[in-house]
Structure formats: structure tokens, C-alpha cells
1. Specify the angular offset, from 0 to 90 degrees and rounded to the nearest 10, of the alpha carbon long axis of helix 60-74 from the longest principal axis of the alpha carbons in the chain.
2. Between residue 30 and residues 5 or more places away or on another chain, which pairs have amide H atoms under 5 Å apart, with H built 1.01 Å from N, and which residues are they?
3. Using each residue's phi in the stretch 308-314, evaluate 6.51 cos²θ - 1.76 cosθ + 1.60 at θ = phi - 60° and report the 3J(HN,Hα) Karplus result to the nearest Hz, with x for Gly and Pro.
4. Using modelled amide H (1.01 Å from N, peptide plane; none on Pro or chain starts), what sits under 5 Å from the amide H of residue 97, excluding residues fewer than 5 places away?
5. Starting at the first residue of the stretch 277-286, write each ³J(HN,Hα) from the Karplus equation 6.51 cos²θ - 1.76 cosθ + 1.60 with θ = phi - 60°, in whole Hz, x for Gly and Pro.
6. So which residue, out of 282, 295, 314, gets the largest mean-square fluctuation from a GNM of the chain using Cα contacts under 10 Å as springs?
7. Given only helices, namely DSSP H runs of n ≥ 4 each adding -39500 (n - 2.57), what is the per-residue ellipticity at 222 nm of the chain, to the nearest 500 deg cm²/dmol?
8. Can you give me the accessible area per residue for the chain, using a 1.4 Å probe, in Å²?
Amino acid sequence: MVVLSNPGLDQISLLGSPKVIACSPCVPVIDLSKPDAAASVVEACEEFGFLKVTDHGIPVELMQRLEAEAVKFFSLSTVEKERSGPPDPFGYGNRKIGANGDVGWLEYLLFAVASKPLSYTSALKEYLAAVRTLASKVLELMAEGLDIEPRDVISGLVMDENSDGIFRLNHYPPCPVLRGYNYGLTGFGEHTDPQVISVLRSNNSTGLQISLKDGSWVSVPPDEESFFINVGDSLQVLTNGRFRSVKHRVVASGWESRVSMIYFFGPPLAEKIAPLSQLMGEGEHSLYKEFTWDEYKKAAYKSRLADNRLGLFEKREVTDDQRL
């Protein structure tokens, strides 16, 4: 048993690292320039709900510029950082994740993303524009791999001028209390993302873990030059369960400082979410009740991180072997 002497850590759970394996082959890597990229993207979404993309066309220098700005902000005094908060819902937050009791060893900045010009730094504006282009490409590859038309049937949901995009900067500082122990500290607890997809980039530090279909956790090797794509709950519904919304978490260490940048792609609030008709076979029934993104977003934000949010929207007649 590990006893933490820092009062600020009392509510943050420890995670034993022996239960987690490092598994590079478990993380599908998709070269977006390859002719089989569409089929590979679909396969990864079905099996893992998660993939790493390379040859994405976004300069590493741009990522590093934004990371440097994030590091500069998180290096400010607590008083200075708190002038940008609390996150209600956007702004600076520390430890508390949402309003339902979840906590983690992190601090963060949340931004709303709009299509109109934003009062952000040039690095952030360039980065958001570049990641939007990347997300659109990946979503169109999904449509191509699923052989559905039009090719923008999914990307159009999140590229609309009224789409509900959110950008998040996370900082997981080193935790000196853990040094010398074979444990990690919950940085961000296990959860799925409610949006359609999330596009993540982090610095060259460990911490991200994903859950496989058998429930085991694997560590994702860091790669500061690539992007990671998470399938979200909304995309699981759009594909009627064919794609898997990946459960993931971040474990903070005693040694490394982790900085991550995540762009969450949500549809307009009034957009109805239901399985795409182009994917429904003859006689196939929807596994989910239709809902608007606004309805699902509100339900998700009222829940705890680890809750099965989609469970509220599953149809009663769904059998256990049909669920993921």
C-alpha cells in the first residue's frame, strides 16, 4: 500500500502499473498517403476505436509552437492561471473534472471552437485549421472505407459552421511523491468521448492508455510527430455499433510532465444522431434511440467519467451479445 503525504492527492486514485502492458502492435498505425488507408481506418475503428495517423501533412514545427505556448501558460503562477478560470464551461481548471466529483492530477484550458475569427494566438488559429482539415480527411476515409455516399456524410456533421467543437489543453505535472514507487496516479480517469471523433497530439511522454475489447489496458507509446484519433460515442451510434467508442485514460507519473492537445469534433446542437441509413442492412434495426447532440451532451455532462453514457440511449430489445 502506498501512503501519499500530500493532502492535495487524497481524492486521486493510484493505479498499479503491473496490470498494464506496453503494446506497440496493439495501436494501429495508418499512413494517410497509402492507397489502402480507407480500409485500414475502418478496420482500426471496428477493432480498437483508436488509431495513430502518420503522413498527415501538419508541420511538426506548428505543433511545437503551440506546445511551447501551452507550457508557458502552465508555468505561470496559480494566481495568474486562475484569472482564466474557472471553466464555466470554458477556461482554466485544476484537478476537478466536470461537476460530478471526478478529479485528476492535471490542469487544463478549455476553448470553444467557432467558425468565425477567434481571438487566439496565431499558432492556435493555424493549428485548429490544420487539425480541422485532418479530421475531415480521416472522416471521409471512413466513409470511403464503409463504401457510403456522399463521402462527406460524416465529416459534414462536424464541419458545419454551427458545429460544436471544443479544444482542450491538458497538463499533467510530475508527481514527486510517486518517485520510487511502481504506481501511477490517475491523471484523467477512464472514459469515452461523447463527440464524433477526437484528434489528439501530445509531447513525447507516456501516460495515455486504451482499453481493448477484452477489458485489458495497454499503454500507447508516445509519438510527438503523429496524431491519435479516438472514435466517440456519437460515431458508434452513427455506425450502429460497428465502430467502437474507445475507453481511455491518462496515468500521471512521478517523473514526466505530459502536455496534450485535443480537438473534439461535435455536430451542431440540434443535429439528430441516429445510425446512418446508408449503413443499415435489410431488416437491420437501430441499436439506439434517436437523440440530438444537445440531448446527449447534457446527459454526458451530468454523468461521471466512467459511466456508460450510451446505456441511457440503447433500445431495450438490444440483447447482450449485440452490445460492444
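1. Approximately 50 degrees, to the nearest 10.
2. Placed amide hydrogens put 52, 53, 54 under 5 Å from residue 30.
3. Using θ = phi - 60°, the values come out as 7, 5, 5, x, 5, 10, 6 Hz.
4. Placed amide hydrogens put 102, 103, 104 under 5 Å from residue 97.
5. Couplings: 4, 5, 9, 7, x, 4, x, 6, 10, 5 Hz.
6. The residue with the greatest mean-square fluctuation here is 282.
7. Working: 7 runs with 76 residues, N = 324.
That comes out to -7000 deg cm²/dmol.
8. Details: 15250 Å² over 324 residues.
In whole numbers, the chain has 47 Å² accessible per residue.
The values are calculated or read from the model by the stated rules, or taken from the named source; none is laboratory data. Remember, it's a predicted structure, so these values are computed and weren't measured experimentally. Neighbour counts are summed over all protein chains in view; Cβ atoms, including those assigned to glycine, are modelled from backbone coordinates with ideal geometry. What goes into the accessible areas is simple: the full protein's heavy atoms, side chains included, and nothing from ligands, DNA or RNA. Shrake-Rupley method; radii C 1.70, N 1.55, O 1.52, S 1.80 Å.
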